[in-house]
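Beneath this line is the structure, given in structure tokens, with notes to follow.
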Amino acid sequence: MTQEPDLDSLIRRRIKGLRLARGWSLDALAARCYLSPSTLSRIETGHRRIALDQLVPIARALGTTLDQLVESVDDDDVVIRPERDHVRGVTTWMLTRERAPHGVTVAKMRIAAPSRPVGIGEMGVHPGRDWFTVLSGTARLQLGERTILVEPGSAAEFSTMVPHAIGAHDGPVEILIILDHDGERAHLHPCGQHPGP
């Protein structure tokens, strides 16, 4: 496997770091990936070229994927940039990067004080449950006919089969929200803007 020298060194550090994080000796990892301890030692120290047929069992033994083991480091992987929706008055920071069909999405949202009573979409329904906590400001949760004010430090969890919308009350509000796949599509990507399946 041909790699850039920096990436090659990074892969070696990842292998050793994951091994040590699990408290495994060279012998323990070598037995799990069917390599000799001396071969594994030479891979970790850079005294042996890393071959693809060695990386696959090493990654599997370490409980990771080959993609994660060889992914390059980029500042874009570290810095989370806000996405602004000026029409809805919402700024979103996507805190989870992997989009799994049955996983959850975590996002920080800043909702500006709207001129109308809803903040992140019209009242809607979707399967599942939503959860959020207020970081600053006061959130207005429209839940059916009820209006519930959620203060900083408090959280809300509710069935999303009840018509609902989250907005700002008396000024901007910042929330940390956890959504399932349907909640992500309904709240973060309205009008068919969802990037995934």
Scan segment 1-33 for residues that are among the hydrophobic types (A, V, I, L, M, F, W, C), closer than 12 Å to V70 by Cα and within 29 Å of the chain's Cα centre (by Cα) and jot them down. L7, L10, I11, I15
In segment 158-171, how many are surrounded by fewer than 20 Cβ atoms within 10 Å (Cβ to Cβ) and β-branched (V, I, T)? 1
Within segment 141-157, considering residues that are exposed (fewer than 11 other Cβ atoms within 10 Å of the Cβ) and without any contact (Cβ under 8 Å) to a residue 12 or more places away in the chain, the one farthest from W131 (Cα to Cα): E145
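Can you confirm whether segment 34-41 contains a residue that is within 17 Å of Q68 (Cβ to Cβ) and out of contact with any Phe, Trp or Tyr (no Cβ under 6 Å at 6 or more places or on another chain)? Working first, answer last.
Filtering segment 34-41 for residues within 17 Å of Q68 (Cβ to Cβ) gives none.
No, because not a single residue in segment 34-41 is within 17 Å of Q68 (Cβ to Cβ) and out of contact with any Phe, Trp or Tyr (no Cβ under 6 Å at 6 or more places or on another chain).
Can you list the helices (runs of 4 or more DSSP H) found entirely within segment 1-106 that contain at least 1 residues being at pLDDT 90 or above? Give the steps one after another, and end with the answer.
Working: elements: 5-21, 26-33, 37-45, 52-61, 66-70.
Passing ranges, in order: 5-21, 26-33, 37-45, 52-61.
The values are calculated or read from the model by the stated rules, or taken from the named source; none is laboratory data. Values in this document were obtained by computation on a predicted structure and should not be read as measured data. Note: ideal-geometry Cβ built from the backbone for every residue, glycine included; neighbour counts use all protein chains shown.
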